[in-house]
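A short write-up of the structure that comes next.
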């Protein structure tokens, strides 16, 4: 029997997987980068540069971080460098509240209810919408929405792999699209602000600086995923038999009366919380406004309280759901949910430690400013239009994403280079961050190194035993390519029309 030769796309992605598997863990990459910064600072500190630092108007001077005084200062500040690292607190506080909502069952019940009410004709867009909304609960989309989509498609007589593909496209391919603010917004904003302050120490970046663009992008992602799932992917799957073991194929579980009652009570609590927040914000004398009565500036307390608000809006409904449904019987259950959430963040904490040390050293050495200013001068000499530069950032990010899966880890590495460099070209940190998020999202679904990619393969194997990495890549490649090009054009059109990217955001610096 003649063996079928893999397609060029599968062979290319297999090569990427091999190369990516040889890369060190992101935490080790940051450790290596820290050592490289130290060595480079010692080498370049003996050189004189004519590059002018816009912060001082004087020539950039690279600081040697390997002197006795510098190393002593580093050791004395190591703990505070880590504890004052903005992205660390952002994630941990938000996850305490989200963890309660997730482990009490509130999030899963809400997602099931949304899909349960959906007519068959609108099943695909609803699955993608729910997948996008699931970003507010971090990884809930991967462990809940994707397998649930396969179950529901199968129960409705449609191919289950099409449901998994649609949900995967929404959860991972549409990672930067969402109508609802989530912990990822202030997380990336904190990295962006740290990077921007390498060049402008006084700059402040709004946590919701990409909110309008992300919301509009949700409609684009839903439309693309809907069309591709129903018109391209599912027709190709018609000849792929569902041959999984019937005992292994999960069944759609209807919510029990007590769970429905708990969901209603928790939803009312969340709604009341939103109403109370709006009532607090409306008065012109609201303490959540800035001194000029504005709500959307970075100085407004409301914009600095996004993470605590996310914490409360998930914590309170989660607790109510837990007690009403019987998932919680004591306060210890709530604490256990928070503990489980923090256990899931243990790796992030380790990565954040080395990331914080690297970013601090990169800024203190002045190597970041030197690289950004000279890089900007090179781009200026090439006379490359700003739009071409942004497209280059998008495609470069999409390529790097094939090797480094973590969104925050990539931005921690790329942000200190991209953000100051583009600021020198007059491009705002807000636009640079939007371009990064777009590129990062588009190639997520064809990244074998993404931690949940093998899990999605397992979901598919429940229905089609022969499913492998190549099968999933082939199924998701149309989504990835279409999202990358269509979304890039969408950003350029959005920019050309001058529509605001988000609160307190701009296109120029």
In the set 178, 206, the lone residue that is buried (at least 24 other Cβ atoms within 10 Å of the Cβ) and outside any helix (DSSP H, G or I) is 206
With respect to the numbered conditions (1) under 30 Å from residue 156 (Cα atoms); (2) modelled with pLDDT under 90; (3) within 27 Å of the chain's Cα centre (by Cα), which one is the sole condition not fulfilled by residue 296? (1)
Of the residues that make up segment 334-347, is at least one modelled with pLDDT of 90 or more, part of a loop (DSSP other than H, G, I, E, B) and out of contact with any strand residue (DSSP E or B) (no Cβ under 9 Å at 6 or more places or on another chain)? no
Taking the condition surrounded by fewer than 22 Cβ atoms within 10 Å (Cβ to Cβ), under 22 Å from the mean Cα position of the chain (by Cα) and closer than 23 Å to residue 311 by Cα, does residue 215 pass? yes
Residue that is modelled with the lowest pLDDT [pool: residues in segment 447-456 that are out of contact with any helix residue (DSSP H, G or I) (no Cβ under 7 Å at 6 or more places or on another chain) and part of a helix (DSSP H, G or I)]: 454
Quick one: in segment 181-200, which of the residues that are over 14 Å from the mean Cα position of the chain (by Cα) and not in a helix (DSSP H, G or I) is surrounded by the fewest Cβ atoms within 10 Å (Cβ to Cβ)? 200
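Results for (1) under 30 Å from residue 240 (Cα atoms); (2) part of a loop (DSSP other than H, G, I, E, B); (3) over 17 Å from the mean Cα position of the chain (by Cα), shown as yes or no for each residue.
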residue	(1), (2), (3)
390	no, no, yes
432	no, no, no
437	no, no, no
445	yes, no, no
458	yes, no, yes
463	yes, yes, yes
473	yes, no, yes
483	yes, no, no
500	no, yes, yes
For segment 36-125, which fully contained helices (runs of 4 or more DSSP H) count at least 1 residues that are over 24 Å from residue 187 (Cα atoms) and modelled with pLDDT of 80 or more? 68-83, 106-116
Selection over segment 299-332 where residues are assigned to a loop (DSSP other than H, G, I, E, B) and either touching a helix residue (DSSP H, G or I) at 6+ places or on another chain (Cβ under 9 Å) or on the phi > 0 side of the Ramachandran plot (or both) yields a count of 5
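The values are calculated or read from the model by the stated rules, or taken from the named source; none is laboratory data. Remember, predicted model here, so these are calculated numbers, not experimental data. Don't worry about glycine lacking a Cβ; one is built from the backbone with ideal geometry, like all the others, and counts go over all protein chains shown.
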